[in-house]
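The structure appears below as structure tokens.
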Amino acid sequence: MERYGRYTLVDKISSGGMADVYRAKVVGIRGFTKTVAIKRIHSHLLERTRFLRMFTDEAKIASRLVHPNIVQIFDLGEDGGMPYIAMEYVAGRDLFRVLQRLGSLDRRCPWRLATKVVGEVCTGLQFAHEFRSPDGQPQEIVHRDVSPRNILITYNGEIKLTDFGVARARDREEHTEHGIIKGKVRYLSPEAAHAKEVDRRSDIFSLGIVFAEMLLMEPLRTGDNEMAMLLDIRKGEFDRKRFSSVSRPLRAVLERALATEPDDRYDSASEFAADLANRYDSNSEPMSQAEVQTFMHSLFAEDIEQEKLRDE
């Protein structure tokens, strides 16, 4: 185990392009311990001011977003010249790994789980999009990276949005240069693919892609390479005939969320969620939290047992 600031790093959870994430513990007086996640920037990026600003911007933006559907940021610190973010530890799996596990078992994603995830992420996005500073100024936050890897499902059945590393906000230090594309290509909106100014409706489009992939159990967009995919995205092209396997009410939701023109989409995440809620049937009514918990425990029983043993 490695000491890092006032934290003890237990094991690595994930590794991304800008940082590694570790499960860690902080120890207080009289036997107090708390498990947190530590996000530590890669050492080779320390000399690049732009990445340092992006890293600290993430902490500043997300730390103010205190909401059940958003992973909470606790602390921004530094140890040996290495900045880190201490955040809520989420015992669970990201949506990418959930879909991956289902695929390996030749199982489909339950539509009732898909509508639950989308509804909860909409609630978190709505809070972020509407967030105002203490003086009442709108912060105009846009996540810009809504994707399966940034949607976490806890073993207790909660849904949480994470990683505001490339989020747009009014008062962030590092502003995106014109013509720079942010986010994972497969989930970009057409306007983001054109590197245009984006607003909350871009996040709605990205969530629409996630929703479609949960319902279809396959990528909505494919291409020989990212540039080929990017050119198709800019034209708003993908095969909508594939939605034929989706019930008509849910198909209507997908069509509107994935409209090429932002003005044709839902105007807000709450409108997205409300329209979805009006179209549920017995096959798509969202799971309860208890049902999601049962689902996750059935899917990751061995992983959960191993984590329990590791914590003893």
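The values are calculated or read from the model by the stated rules, or taken from the named source; none is laboratory data. Just so we're clear, the structure is a prediction, and the values are computed from it rather than from any experiment. So basically every Cβ, Gly included, is an ideal-geometry build from the backbone, and we count neighbours across all protein chains shown. The area values use the complete protein model at the heavy-atom level, side chains included, leaving out ligands, DNA and RNA. Shrake-Rupley method; radii C 1.70, N 1.55, O 1.52, S 1.80 Å.
Per-atom-type breakdown for the chain gives carbon and sulfur 47% of the accessible area (1.4 Å probe, protein chains only).
First check a/c for the range 49-152, with a ≥ b ≥ c the square roots of the eigenvalues of its C-alpha gyration tensor; if it is under 1.5, answer rounded, and if not, answer prolate when a/b is larger than b/c or oblate otherwise. Oblate.
Normalised per residue, the accessible area of the chain is 48 Å², obtained with a 1.4 Å probe and no contribution from ligands, DNA or RNA. Each Lys or Arg adds one and each Asp or Glu takes one away; over the other residues whose Cβ falls under 11 Å from the Cβ of Ser270, this sums to -3. Contact order for the chain, expressed relative to its length and based on alpha carbon pairs under 8 Å spaced 6+ residues apart, stands at 16 percent.
For the range 16-92 versus the range 262-285, the spacing of their alpha-carbon centroids is 33 Å.
Starting from the Cα gyration tensor of the chain, take the square roots of the eigenvalues, sort them a ≥ b ≥ c, and report rounded, prolate or oblate (rounded when a/c is under 1.5, otherwise prolate if a/b is larger than b/c, else oblate). Oblate, because a/c is 1.5 or more while a/b does not exceed b/c.
Quick check on the range 207-312: take the gyration tensor over C-alpha atoms, sort the square-rooted eigenvalues as a ≥ b ≥ c, and tell me if it's rounded (a/c under 1.5), prolate or oblate.
Oblate.
Taking packing as the residue-averaged number of other Cβ atoms within 10 angstrom, the listed peptides 297-304, 253-260, 127-134 run from highest to lowest as 253-260, 127-134, 297-304.
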